[in-house]
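Chemist: Before I ask anything, here is the structure I am working with.
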Amino acid sequence: IRHCLAHLSPQELQRAERFHFERDRRCFISARGILRLLLSEHLDIMPAEIAFAHTRNGKPFVADYAAPVHFNLSHSGERALYAISQTCAPGVDIEHLNRDIDYSGLAERFFTQRECAALQRIPESGRKRAFFACWTRKEAVTKATSAGLSLPLDQFEVTLAPDAAPRLLDSAAVPQLAGCWNLYAPDIGNDYIAAVAARRRE
C-alpha cells in the first residue's frame, strides 16, 4: 500500500481519503498504483508522471503522450483485472461471486429476452455464475467502446453459460458495436468471474 501511495496523484489521494471503509480505500490505492506501475513499463516514464484524462463518457486514458496505449481496469473484492494494448481499446470486467444480489431482477432489467430465457434454463445451482458470466461479457464489450457504459445492455446479446465460449451474438440494434469482436474469459478462480473484450481489426 505504501509503495502504491507514492505513485498516486493528489486527486487520486483525495479520492482515496473519501472512502468510508478502510478495505475499499486500500483496494482503490492498490488498483490505481498497480495500474500506474504497469503503464510506466509501456510508456517508459515514472509511474507518478502519468497524467490521466477522461472521455465525455468518463473513460480514462493517458493524456499528453505521443505513443498510443490503451488500457482498462476493473476490480471487485480483493482482485483487479487489467488489459493494456498498443493496437486496440480493450474492455474488462471482474466480479466477485460471493455476494448476495437479486440476479433474476437484474437480468430482467439488463438482459435481452433470449438471455433471460437462457438463464432460466440453467440449473439453480449454476444460475448465479451464469448471470455473472453474461454480465461481465456485456460490461467488457461496452467498456471497450468509446461510448462506454452508456450503451444499453439489453440491446445486444452475448453467450451466457460459463462453460460456453464467450462471443458477441447479436448487436444489430447497437451501431457502436459494429464490426468483429474477440471475447475472452480468463480463469481467475472459483470465487471470481471475468471477461476481456476488444474489437478485432480487419
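The values are calculated or read from the model by the stated rules, or taken from the named source; none is laboratory data. Source: prediction; values computed, not measured. Here the Cβ is made from the backbone with ideal geometry for all residues, glycine too, and neighbour counts use every protein chain on show.
Chemist: Looking at (1) under 15 Å from the mean Cα position of the chain (by Cα); (2) under 16 Å from Thr145 (Cα atoms), which is the only condition Gln86 fails?
Modeler: Of (1) under 15 Å from the mean Cα position of the chain (by Cα); (2) under 16 Å from Thr145 (Cα atoms), only one is false for Gln86: (1).
Chemist: Please list, ordered by first then second residue, the pairs with beta carbon atoms under 6 Å, 6 or more apart or interchain, first in the stretch 1-29 and closer than 16 Å to His75 by Cα, second among the polar types (S, T, N, Q) and not in a helix (DSSP H, G or I).
Modeler: none
Chemist: Then there is this: Where residues in the stretch 127-142 are among the basic types (Lys, Arg) and under 15 Å from Ala185 (Cα atoms), which of them is surrounded by the fewest Cβ atoms within 10 Å (Cβ to Cβ)?
Modeler: Here is the first cut: in the stretch 127-142, the residues among the basic types (Lys, Arg) are 127-129, 137-138.
From what's left, under 15 Å from Ala185 (Cα atoms): 129, 137-138.
Values: Arg129: 18, Arg137: 28, Lys138: 26.
That would be Arg129.
Chemist: Restricting to the stretch 76-100, give me the number of residues that are under 22 Å from Phe28 (Cβ atoms), touching a helix residue (DSSP H, G or I) at 6+ places or on another chain (Cβ under 9 Å) and modelled with pLDDT under 90.
Modeler: Qualifying residue count, the stretch 76-100: 2.
Chemist: Identify, please: which residue in the stretch 103-129 is polar (S, T, N, Q) and within 23 Å of the chain's Cα centre (by Cα) and is, among those, nearest to Val174 (Cα to Cα)? Write out each step before concluding.
Modeler: Step one: list which residues in the stretch 103-129 are polar (S, T, N, Q), which gives 104, 112-113, 120, 125.
Subset that is within 23 Å of the chain's Cα centre (by Cα): 104, 112.
On the way: Ser104: 24, Thr112: 13 Å.
So, considering only residues that are polar (S, T, N, Q) and within 23 Å of the chain's Cα centre (by Cα), the one nearest to Val174 (Cα to Cα) is Thr112.
Chemist: Turning to a different aspect of this structure: Let me spell it out: the conditions are (1) touching a residue at least 40 places away in the same chain (Cβ under 8 Å); (2) surrounded by 15 or more Cβ atoms within 10 Å (Cβ to Cβ), and Ser171 meets all of them except one. Which number is the exception?
Modeler: (1)
Rundown of residues vs (1) surrounded by fewer than 20 Cβ atoms within 10 Å (Cβ to Cβ); (2) closer than 26 Å to Thr55 by Cα; (3) in contact with an Asp or Glu (Cβ under 9 Å, 6 or more places away or on another chain), yes/no style:
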position: Asp102; (1), (2), (3): yes, no, no
position: Pro123; (1), (2), (3): yes, no, no
position: Phe156; (1), (2), (3): no, yes, yes
position: Ala161; (1), (2), (3): yes, no, no
position: Gln176; (1), (2), (3): yes, yes, no
position: Gly179; (1), (2), (3): yes, yes, yes
position: Leu183; (1), (2), (3): no, yes, no
position: Tyr192; (1), (2), (3): no, no, yes
